[in-house]
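Since every read-out is calculated from the coordinates, none of them should be taken as a lab result. Because the structure is a prediction, the values reported are computed rather than measured. Cβ coordinates were reconstructed from backbone atoms using ideal geometry, including for glycine residues, and neighbour counts include every protein chain displayed.
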Protein chains: 2
Amino acid sequence: MARGRSSSGRPTIRDVAERAQVSVATVSRILSGSYTAPPETQERVMKAVEALDYVVNANARSLNARSGLVAVVVNDITSPFFMNVASGVEEQAMADGRVCIVCSTQGVPERELSVIELLRARGVEAVILVGGMAEGEQHLGQLAAAAEALDRAGARMVLCGRSWAGPDAPIDVVESDVEGGAFAATNHLLSAGHTRVAHLAGPHEFSVARQRLHGYERALRAYGIEPDPALIASSDMTRETGYAAARTLLTGTDATAVFCANDMSAAGAVAAARDLGRSVPDDVSVVGFDDIPLAEDVYPGLTTVHVPQQELGRSATRLALHRRAGDPPRRHVMLGSHIVVRQSVAPPARLSGKGTP
Amino acid sequence: MARGRSSSGRPTIRDVAERAQVSVATVSRILSGSYTAPPETQERVMKAVEALDYVVNANARSLNARSGLVAVVVNDITSPFFMNVASGVEEQAMADGRVCIVCSTQGVPERELSVIELLRARGVEAVILVGGMAEGEQHLGQLAAAAEALDRAGARMVLCGRSWAGPDAPIDVVESDVEGGAFAATNHLLSAGHTRVAHLAGPHEFSVARQRLHGYERALRAYGIEPDPALIASSDMTRETGYAAARTLLTGTDATAVFCANDMSAAGAVAAARDLGRSVPDDVSVVGFDDIPLAEDVYPGLTTVHVPQQELGRSATRLALHRRAGDPPRRHVMLGSHIVVRQSVAPPARLSGKGTP
DNA sequence: CCCGTCACTGTAAACGTTTCCATGAACGTT
DNA sequence: AACGTTCATGGAAACGTTTACAGTGACGGG
């Protein structure tokens with residue numbers, strides 16, 4: 001039952017019109033709610049729609065009207081940080097009457113461009129780029145070109161939780177104060193009495209990783225300590241590589257504290273410490289970054305820098321969607337971040353030994 | 001630079017044709033790679049495409065050709081379990097030359113239907129439904145209708161990691177052996193010597209939650225123990241509700257072990273135990289379900305039932321995409337699950353006291 | 001009684017593709 | 001020399017909508 005008149009496939013607006021004994025124009029008008037038809041006709045059309053189980057062909061519609069699509073592009077669909085930001089985008093998009101879809105580059109930086117192109121082909125109204133590691137000279141150029149192309153098509157692209165590595169950003173950017181957060185985190189360790197504070201850095205090509213490194217170094221210097229390259233290891237911000245890097249850091253150096261580039265690698269560092277028979281926080285203190293839900297479940301609870309993930313997403317979406325005539329072409333939003341104290345930090349063993357009577 | 005000839009918006013195929021001095025048909029043919037044009041023309045067209053920064057309008061294309069879109073629908077975009085399954089879908093979809101998008105119902109069960117409708121409107125080729133709590137009589141009926149409508153449009157819908165609650169499924173289903181897993185998990189606790197094994201169940205409307213409950217009860221009975229309703233609490237499988245439910249379970253009963261409906265609520269249970277001053281596993285044993293990455297980071301490492309999340313997604317996608325003429329209309333794939341032993345289970349305190357000399 | 005207004009509806013032209021069919025040229029076969 | 005084949009191309013008809021424009025009656029004011 002409920003088959004359309006057309007030879008095959010979905011019923012079309014013509015089938016509905018035929019069945020309801022009106023013209024396609026009338027059906028279109030009623031369905032898009034663009035005006036008030038007399039209840040009698042309205043009903044006839046609705047009945048036909050019901051009977052045929054008709055849905056508009058959104059692709060055909062997009063030929064004339066706006067698509068109503070907002071897309072989030074993430075590097076890895078399983079990363080809690082990215083997906084928390086994405087859920088913020090989703091929320092705001094829905095509030096603005098749009099539909100949100102999530103696409104992934106599957107960890108391949110170059111794919112970022114092809115995904116954007118694909119979205120442009122689909123006529124999305126906004127592309128929110130969250131995270132993303134590829135920040136080479138050439139890639140940035142192509143990104144700028146892609147943004148311009150989107151612009152021409154009436155769509156907006158905004159960088160979210162990631163900063164533009166070049167001189168001035170050709171697109172909107174929403175980020176949190178990463179360097180300030182890193183400074184605060186390192187400072188937290190220093191003021192607990194640590195002097196040998198290591199940093200488990202992220203990939204150097206990644207601007208937010210560099211910012212964390214800078215914040216770390218700045219905090220050390222503010223304490224009169226010159227950063228020691230031996231205390232800086234590098235991971236790609238996953239649990240596994242964090243584990244490995246932390247392990248060498250803890251065995252090869254006299255570090256009593258580690259500031260990690262993100263919570264994921266911090267979880268790896270905690271596991272590494274445990275496997276080496278070092279207690280956290282008694283033998284070694286650990287601080288993370290991001291404040292993903294995991295941070296609360298790791299034992300001991302991870303002291304970390306809170307990044308307002310949902311708000312990052314919401315804000316980026318607002319920027320993309322709410323554009324008024326007078327707005328400056330490029331906008332930049334900087335959200336604050338603050339430290340969340342849990343149980344993974346304590347004074348260094350020697351000091352705490354000295355400190356107690 | 002690089003502006004199209006049209007008044008505004010993106011350049012069209014006509015602009016390209018004009019610039020390359022060929023017909024639109026030729027351009028279309030060359031771009032879709034449907035035949036081999038002489039290199040000279042080929043080059044002219046490519047140059048024009050480049051110069052105008054042209055991308056096809058995928059919506060217009062979808063009017064005639066297939067869309068190449070595969071969609072995953074999840075309940076909550078921030079759930080690790082769902083997103084791991086989704087990444088499996090993504091992988092397989094890409095392998096089959098399709099593009100994968102993720103949509104969320106944002107925790108609102110009814111929204112599932114509207115999202116499916118929206119996807120139908122976009123002409124997707126496959127809809128993979130992962131998770132999803134709404135399984136009322138009426139909802140299932142509507143789901144079946146939606147599946148039929150998709151079918152008519154030449155698209156496939158498959159249920160993934162979730163079973164059809166009614167008599168026989170009107171659509172393809174891929175699931176893991178949930179009841180068997182629950183049986184094994186409970187059995188693991190029983191054979192460690194526990195007799196007061198509690199169950200932190202999921203919502204009863206949710207078929208996979210019911211299956212876990214059944215497996216739990218079956219294991220108890222196999223040990224000659226009649227399930228005690230007092231030992232069964234309920235959460236909605238989040239960390240927070242798991243925490244609350246576990247807390248009442250641990251204070252109000254003499255349970256020495258808890259089998260949790262999923263790892264998330266198990267993490268809550270572990271936290272509750274800790275906050276009550278009960279050590280895991282010495283005072284209380286905990287077993288989870290799913291084996292999400294978190295299970296490894298919780299302390300102590302969570303003994304849990306491994307569900308092949310990626311494979312679930314891959315398999316569902318294959319089912320949707322690889323359909324041959326002779327295939328039965330409805331298929332059902334059941335993947336195995338097995339227990340992963342970590343550190344959250346030990347013999348009950350009394351027994352272990354008795355057991356040692 | 002005429003005419004402007006109004007509410008409702010239909011016709012047809014976009015929108016940007018793909019693809020069927022036709023055309024003409026070059027070329028090897030009989 | 002007449003003829004099929006192949007190749008490269010163009011014209012035009014779909015695909016399923018939306019929407020500008022035009023048309024129909026009905027109605028009420030002059």
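Quick one: if you stick a label point 7 Å off each Cα along the C-beta vector at A:Asn64 and B:Asp76, how many nm between them?
Calculated label separation equals 4.2 nm.
With the dipole of chain B worked out from charges on the C-beta (+1 for Lys and Arg, -1 for Asp and Glu) around the Cα centre, which of B:Leu250, B:Gly88, B:Thr36 lies farthest toward the positive end?
B:Thr36
Sort B:Tyr299, A:Tyr216, B:Tyr54 so that the residue with the fewest other Cβ atoms within 10 Å of its own Cβ comes first and the one with the most comes last.
Fewest-to-most Cβ neighbours within 10 Å comes out as B:Tyr299, B:Tyr54, A:Tyr216.
Extent of the protein assembly as shown along each principal axis, from alpha carbon coordinates, in Å, largest to smallest?
Principal axes ranked by extent give 87, 68, 51 Å for the Cα atoms.
Count the DSSP beta bridges whose two residues both fall in the protein assembly as shown, then state the antiparallel fraction as a percent rounded to the nearest 5. Display every interim value, and only then the final one.
Numbers: 8 of 80 bridges.
Taking every DSSP beta bridge within the protein assembly as shown, about 10 percent pair in antiparallel fashion.
Using a simple charge model, +1 on the beta-carbon of Lys and Arg, -1 on the beta-carbon of Asp and Glu, nothing else, what dipole does chain B show about its Cα centre, in debye to the nearest 20? Don't skip to the answer; put the middle values down first.
Working: 35 positive and 40 negative charges, 202 e Å.
Here the size comes out at about 960 debye.
Please give the average number of partner chain Cβ atoms lying within 10 Å of the Cβ of each residue in A:145-156, rounded to a whole number.
On the way: counts 2, 1, 0, 3, 6, 1, 0, 8, 7, 3, 1, 0.
Shielding by partners across A:145-156 averages 3.
Can you compute 3J(HN,Hα) from phi for each residue in the stretch B:272-281, using the Karplus curve 6.51 cos²θ - 1.76 cosθ + 1.60 with θ = phi - 60°, rounded to whole Hz and x for Gly and Pro?
Rounded to whole hertz, the list is 4, 4, 4, 5, 8, x, 9, 8, 9, x.
Taking every DSSP beta bridge that has both residues in chain B, what percent is antiparallel when rounded to the nearest 5? Before the final figure, lay out each step's value.
On the way: 3 of 39 bridges.
In chain B, approximately 10 percent of DSSP beta bridges are antiparallel ones.
Jot down the radius of gyration and Dmax of the stretch B:67-177, Cα atoms only, both in angstrom.
Reported Rg and Dmax, both Å: 12.8, 36.
How big is the dipole moment of the stretch B:13-63 about its Cα centre under a simple scheme where the beta carbon of each Lys and Arg is +1, that of each Asp and Glu is -1, and everything else is neutral? Debye, nearest 20, please. Provide the component values of the computation, followed by the final result.
Details: 6 positive and 6 negative charges, 33 e Å.
The dipole of the stretch B:13-63 has a size of about 160 debye.
Determine the distance separating the Cα centre of the stretch A:268-321 from the Cα centre of the stretch B:250-322; give it in Å without decimals.
20
For the stretch A:105-153, what does the equivalent ellipsoid look like in terms of its semi-axes, each the square root of 5 times an eigenvalue of the Cα gyration tensor, given largest first in whole Å? Before the final figure, lay out each step's value.
Working: eigenvalues 61, 32, 14 Å².
Result for the stretch A:105-153: semi-axes of 18, 13, 8 Å.
Could you compute the net charge surrounding A:Thr304? Neighbours are other residues with a C-beta less than 11 Å from the C-beta of A:Thr304; K and R count +1, D and E count -1. Walk me through the numbers on the way to the answer.
On the way: positive: A:Arg342; negative: A:Asp263, A:Asp290, A:Asp291, A:Glu296.
My count for the surroundings of A:Thr304 gives -3.
To make sure I understand, if each residue's beta carbon is the centre and we count other beta carbons within 10 Å, what order do A:Leu302, B:Leu118, B:Leu312 fall in, fewest to most? Walk me through the numbers before you get to the answer.
On the way: A:Leu302 30, B:Leu118 20, B:Leu312 25.
So the ranking, lowest neighbour count to highest, is B:Leu118, B:Leu312, A:Leu302.
For the pair B:Gln138 and A:Ser34, what calculated FRET efficiency results from E = 1/(1 + (r/R0)^6), where r is the Cβ-Cβ distance and R0 = 25 Å, to the nearest 0.05? Walk me through the numbers on the way to the answer.
Details: r = 31 Å, r/R0 = 1.26.
Computed FRET efficiency for A:Ser34 and B:Gln138: 0.20.
What size of dipole, in debye to the nearest 20, comes out for the protein assembly as shown about its Cα centre when the only charges are +1 on Lys and Arg C-beta atoms and -1 on Asp and Glu C-beta atoms? Spell out each step's value before the answer.
Working: 70 positive and 80 negative charges, 330 e Å.
That gives the protein assembly as shown a dipole magnitude of about 1580 debye.
Using a Gaussian network model of chain A with C-alpha springs under 10 Å, which one of A:Ala121, A:Ala320, A:Ala147 is most mobile by mean-square fluctuation?
A:Ala121
Connecting C-alpha atoms closer than 10 Å in a GNM of chain A, tell me which of A:Ala17, A:Ala165, A:Ala201 has the biggest fluctuation.
A:Ala17
In degrees between 0 and 90, to the nearest 10, how far off the longest principal axis of chain A does helix A:80-95 point, with axes built from Cα atoms?
30
Quick check: the angle from helix B:39-52's long axis to the longest principal axis of chain B, C-alpha only, nearest 10 degrees?
So the helix axis and the longest Cα principal axis differ by about 70 degrees.
Let me make sure I get this right: for chain A, a, b and c are the square roots of the gyration tensor eigenvalues over alpha carbons, sorted descending. Under 1.5 in a/c it's rounded, otherwise prolate if a/b > b/c, else oblate. Which is it?
prolate
Need one number: the % of Cα-Cα pairs in the stretch A:13-63 sitting beyond the 13 Å mark.
On the way: 659 of 1275 pairs.
In whole percent, the share of Cα-Cα pairs in the stretch A:13-63 beyond 13 Å is 52.
Provide the descending list of Cα extents for the stretch A:230-357 along its principal axes, expressed in whole angstroms.
Result for the stretch A:230-357: principal-axis Cα extents of 65, 34, 28 Å.
Quick one: if the Förster radius is 41 Å, what FRET efficiency do A:Ala25 and A:Asp327 give, using the C-beta to C-beta distance and rounding to 0.05? Display every interim value, and only then the final one.
Working: r = 37 Å, r/R0 = 0.89.
Approximately 0.65, to the nearest 0.05.
Between A:Ala244 and B:Asp283, what FRET efficiency follows from the Cβ-Cβ distance if R0 is 30 Å, with the result rounded to 0.05? Don't jump to the answer; show the numbers that get you there.
Values: r = 34 Å, r/R0 = 1.12.
Efficiency for this residue pair is about 0.35.
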